[in-house]
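A.B. asks: I'd like to ask you about the structure that follows.
The values are calculated or read from the model by the stated rules, or taken from the named source; none is laboratory data. What you see is a predicted model; the values in this text were computed from it and never measured. Please note: Cβ atoms are built from the backbone with ideal geometry, for glycine as well, and neighbour counts cover all protein chains shown. These accessible areas exclude ligands, DNA and RNA; they are computed on the full protein's heavy atoms, side chains included. Shrake-Rupley method; radii C 1.70, N 1.55, O 1.52, S 1.80 Å.
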Amino acid sequence: MVVSPSGFGPLLRAWRDRLSPADAGFTATPGRRALGLRREELAQLAGLSVEYVLRLEQGRARNPSAQVVGALARALQLSRGERDQLYRSAGLLPPRDGTVDTHVPPGVQRLVARLGDVPIGVFAADWTLVWWNPLWSALIGDASMLPVAERNLARALFGDGIARAAMLDISSERGQDPFEASIVADLKDAVARYPADAGLDALVRDLTATSENFARHWATGTAAVQHATDRKTVRHPVVGDILLDCDVLLVPGADLRMVTYTAATGTADADRLDLLRVGGVGASRA
């Protein structure tokens, strides 16, 4: 499909019509007339209001922010080239090389949407949550309720804002201090690979000023183990404590981490996860 570069609104509408609801994590009900995503589904995925998406498509809302364009590009499962075209049609420069990449390849988004029985969150190199499925929302909390800047694991651990207030009580078998040290180690690695990223620099400066623990881990000369496989207890407000295996999978060809939570079949923890799945909330979001 060739899309005419005639403006932001037409691009948005054409790519919304192109995306299969199933690939975005929605169930196509009998009698559905829309072949692609409905406007309200795109709004839900991108964390925007339906009215704002309508105004963007009609050209009544102009100059969307880079954060809005990025969220829409992920929700529409655009390729890197299409994402850049959407940025330019909004009068914005596409994300530069040398900065943390938040682009989630369409194949990864389809995988997350279809693995509905496993809570999955996709994180960028700076531990910003950029994509997740409904069971992740049901287990960890719906990140679409947070401002985009607060959807960051490091801010939840060390900050003093909304992310920290919204974070569930999750304990690691390795202990809290080693877990925190591993997240800081990942940020150190990201800073070394993305020295031109102003947002990452601001994140480190903010957390250094806010958290003594973060400053201590950042200043240490001892190399910490980066965050990987762990066992964690999630103190869930509805189903109680759930002991889960937490695995961190790297996405080849993209600087992303897929974090999954699983429980062995037939265990009480698997039953609790099933309860959340039955009453799961929302669709996968960006």
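Listed here are the residues, each with its yes/no results for (1) within 19 Å of the chain's Cα centre (by Cα); (2) at pLDDT 90 or above; (3) not hydrophobic (A, V, I, L, M, F, W, C).
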residue: GLY161; (1), (2), (3): yes, yes, yes
residue: GLY175; (1), (2), (3): no, no, yes
residue: PRO178; (1), (2), (3): no, no, yes
residue: ALA185; (1), (2), (3): no, yes, no
residue: ASP189; (1), (2), (3): no, yes, yes
residue: PRO195; (1), (2), (3): no, no, yes
residue: ARG205; (1), (2), (3): no, yes, yes
residue: THR208; (1), (2), (3): no, yes, yes
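A.B. asks: Here's something else I'd like to know. Being closer than 24 Å to ASP142 by Cα and open to solvent by less than 30 Å² (accessible area, probe 1.4 Å) is true for just one of GLY175, GLY159. Which residue is that?
C.D. replies: GLY159
A.B. asks: Which members of segment 147-156 meet the condition of being touching a strand residue (DSSP E or B) at 6+ places or on another chain (Cβ under 9 Å) and either in a loop (DSSP other than H, G, I, E, B) or open to solvent by less than 40 Å² (accessible area, probe 1.4 Å) (or both)?
C.D. replies: ARG151, ASN152, LEU153, ALA154 - these are the residues of segment 147-156 that are touching a strand residue (DSSP E or B) at 6+ places or on another chain (Cβ under 9 Å) and either in a loop (DSSP other than H, G, I, E, B) or open to solvent by less than 40 Å² (accessible area, probe 1.4 Å) (or both).
A.B. asks: Out of all the residues in segment 213-235, is one or more over 20 Å from PRO178 (Cβ atoms), under 22 Å from the mean Cα position of the chain (by Cα), open to solvent by less than 30 Å² (accessible area, probe 1.4 Å) and in contact (Cβ under 8 Å) with a residue 60 or more places away in the chain?
C.D. replies: For segment 213-235, residues over 20 Å from PRO178 (Cβ atoms), under 22 Å from the mean Cα position of the chain (by Cα), open to solvent by less than 30 Å² (accessible area, probe 1.4 Å) and in contact (Cβ under 8 Å) with a residue 60 or more places away in the chain: absent.
A.B. asks: When you go through LEU45, LEU54 one by one, which is the residue that is touching a Lys or Arg at 6+ places or on another chain (Cβ under 7 Å) and within 13 Å of GLY9 (Cα to Cα)?
C.D. replies: On inspection, the qualifying residue turns out to be LEU54.
A.B. asks: While we're looking at this one, here's another question. Looking only at segment 44-59, which residues are at pLDDT 90 or above, of a type outside the set (S, T, N, Q) and farther than 14 Å from ALA90 by Cβ?
C.D. replies: Scanning segment 44-59 gives VAL50, GLU51, LEU54.
A.B. asks: Which residue, of LEU72, LEU56, is crowded, with 20+ Cβ neighbours inside 10 Å, more than 21 Å from the chain's Cα centre (by Cα) and not in a loop (DSSP other than H, G, I, E, B)?
C.D. replies: Answer to the selection: LEU56.
A.B. asks: Out of everything in segment 28-43 that is of a type outside the set (Gly, Ala, Ser) and modelled with pLDDT under 85, what residue ends up being nearest to LEU86 (Cα to Cα)?
C.D. replies: LEU35
A.B. asks: Give the residue that is nearest to LEU157 (Cα to Cα), with candidates limited to residues of segment 118-135 that are part of a loop (DSSP other than H, G, I, E, B) and out of contact with any helix residue (DSSP H, G or I) (no Cβ under 6 Å at 6 or more places or on another chain).
C.D. replies: ALA124
A.B. asks: Out of the residues in segment 8-27 that are in a loop (DSSP other than H, G, I, E, B) and open to solvent by less than 70 Å² (accessible area, probe 1.4 Å), which is farthest from ARG83 (Cα to Cα)?
C.D. replies: Filtering segment 8-27 for residues that are in a loop (DSSP other than H, G, I, E, B) and open to solvent by less than 70 Å² (accessible area, probe 1.4 Å), the one farthest from ARG83 (Cα to Cα) comes out as PHE26.
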